[in-house]
Amino acid sequence: MNQIANTTGLTENQLEFYKTFGYVVLRGLFSETDLETIRKEFDYMMAEQYAHTPYNGSKRHWTPLMDEDTPFFASLMEDPRFLTVAKQLYGDDVLGVGTDANRYTGNTGWHRDTHTVDQYGVKFAFYLQPVTANTGALRVIPGTHRLPDDDDFVNGVRSMPLESVPATALASEPGDVVAFDLRMWHASYGGSEDRHMCTVVYYANPKNASELEALRKQGEGNVNAGVKSFNPRRQYLYSKKWVSNPHRSPDRQYWIDRLKEIGYFDAPGLVEA
Ligand SMILES: O=C(O)CCC(=O)C(=O)O
């Protein structure tokens, strides 16, 4: 049900599964050749961004990978393997917002990727090492993308040992991609001190005043969660070059115009000064 080989779209069953449970696993989306390129670009950009604090396993490293010095990553938001699926899930006007790379260390606690259910979309996540339930695979609580904002639930989940929360672990091999709704509760347990993980993220286009406001706020949250927490060399999420859309991509131009109109780019530190 939740498996697929190289794809340019989800089947009806997979769509239904995602809508109901909030995730789908896409098996073998990347070829060996893709993975070789991904690893090269990953290593290059991590070294570039963290020359001032080389990785020692004590703190996660994170960096966006959206510019021409990592061309394969830069192409992923427009790659039909992701964009077609994102459009199926959230509509043709879905907004591509980011591609990043991470070196995770140890467990990741239970959380959602949005500050409110009014802000939602899909994260495609792929690990560059095999991960299983007790070695860092993404754990999800199926169906929780449908839960409202609920402090009691937050406190309950976070009051217990991470691994005792009832959840599904999405084991994966390099090349597999896990897609999940940003409102879904997720975590990971038992991962190595240097887990290489990358993401491609799309936001649903806001449909009303509260969704517009939620997306504006998310811009600020993204600066805090990214640039401020991890302190990479580049002190912004989007370069001037990216926003100039050098390849005249119609998809990217639509995203940029809409994100500007919404005020998402107004958050200080989001776009290169
Ligand atoms: O891989 C992990 O440890 C967690 C990933 C995660 O929480 C995320 O991508 O939001």
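The values are calculated or read from the model by the stated rules, or taken from the named source; none is laboratory data. Not measured: the values here are computed from a predicted model. For neighbour counting, all protein chains shown are included, and Cβ atoms are generated from backbone atoms with ideal geometry for every residue, glycine included. The protein model used for the area step is the full one, side chains on, heavy atoms only, and it has no ligands, DNA or RNA in it. Shrake-Rupley method; radii C 1.70, N 1.55, O 1.52, S 1.80 Å.
What the table shows:
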item	result
Carbon/sulfur fraction of accessible area - the chain, other protein chains in place, 1.4 Å, %	52 percent
When each of Lys87/Lys260; Lys40/Lys217; Lys87/Lys240; Lys228/Lys260; Lys87/Lys228; Lys19/Lys40 is checked by Cα-Cα distance, pairs over 29 Å	Lys40/Lys217; Lys87/Lys228; Lys19/Lys40
Net charge of neighbours whose Cβ lies under 12 Å from the Cβ of Asp181, counting Lys and Arg as +1 and Asp and Glu as -1	+4
Per residue value of the accessible surface for the chain (all protein chains in place, 1.4 Å probe), Å²	43 Å²
For the chain, calculated [θ]222 nm from helices alone, where every DSSP H run of n ≥ 4 adds -39500 (n - 2.57)	-9500 deg cm²/dmol
Using θ = phi - 60° and Karplus 6.51 cos²θ - 1.76 cosθ + 1.60, couplings along the range 207-217 (whole Hz; Gly, Pro as x)	10, 8, 4, 6, 5, 5, 5, 4, 6, 4, 5
Under the Karplus curve 6.51 cos²θ - 1.76 cosθ + 1.60, θ = phi - 60°, whole-Hz ³J(HN,Hα) for the range 75-83, x wherever Gly or Pro sits	8, 5, 5, 8, 5, x, 4, 9, 5
Distance histogram in 5 Å bins (all Cα pairs of the range 1-108, percent per bin)	2, 10, 17, 18, 18, 16, 11, 5, 2, 0
Unit Cα scatterers, Debye sum, the chain: log10 I(q)/I(0) for q = 0.10, 0.11, 0.16 Å⁻¹	-0.48, -0.59, -1.42
